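Right, one structure below, let's go through it.
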């Protein structure tokens, strides 16, 4: 499905991602960051690929991860990066990381639409997740939502295609905020925004289950 919403929206079906959830031991976060920086800060990163480390700030009790290591970009770039993430040097780096924590999940997928791409590097990010039985209708409702409740930060709607659990979680919305205050203050304010938000929730509940949110603070981008 191809969707043009406004001039600041773009087709993003060739933008893929891999997200590694890590449970880092208490007090060991800086060691993990330093190890990641020593590896990803010294590679010839493929064009268009973004690598980031985020620390989990708000989460529900069932979320084990304390950090998320994310890779995103064009399919060709991620495939090239996957080749770099291999070999003896990478295996040694990976084993060093595992001294301070363990990987609890790895998921992958692609973006369906994105907007405000220039704001992608903002400090705080939030991801919302659903199990959706009718993705086409969900995308249409989301399009209507952001017409009535436009966002100032980076916003991405996408789907999980790898690492899906038994709960069937298969779609997400990812948004960013400028800082902690902006994240806490986020929400529909005007009657029009509130109506759009309520309508989205009501209509999508017919064929989807909401699985909660995770809020993260960015630690490093490569």
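Brief remarks on what is shown
- A count restricted to segment 37-49 and to residues that are in a loop (DSSP other than H, G, I, E, B), in contact with a helix residue (DSSP H, G or I) (Cβ under 9 Å, 6 or more places away or on another chain) and exposed (fewer than 12 other Cβ atoms within 10 Å of the Cβ) stands at 2.
- Filtering segment 143-185 to residues that are free of Cβ contacts under 8 Å to residues at least 60 places away in the same chain, surrounded by 17 or more Cβ atoms within 10 Å (Cβ to Cβ) and assigned to a helix (DSSP H, G or I) leaves 145, 183.
- Residues being more than 22 Å from residue 211 (Cβ to Cβ) and either assigned to a loop (DSSP other than H, G, I, E, B) or more than 22 Å from the chain's Cα centre (by Cα) (or both) - total across segment 50-83: 1
- Segment 188-222 - residue that is assigned to a strand (DSSP E or B) and touching a helix residue (DSSP H, G or I) at 6+ places or on another chain (Cβ under 7 Å) and, of those, nearest to residue 126 (Cα to Cα): 215
- Complete set of residues in segment 1-36 that are in contact with a strand residue (DSSP E or B) (Cβ under 9 Å, 6 or more places away or on another chain), modelled with pLDDT under 70, outside any strand (DSSP E or B) and surrounded by fewer than 18 Cβ atoms within 10 Å (Cβ to Cβ): 1, 2, 3, 4, 5, 6, 8, 13
The values are calculated or read from the model by the stated rules, or taken from the named source; none is laboratory data. It should be emphasised that the depicted structure is a prediction, and the values quoted were computed from it without experimental measurement. Quick reminder, even Gly has a Cβ in these numbers, built from the backbone with ideal geometry, and neighbours come from all protein chains shown.
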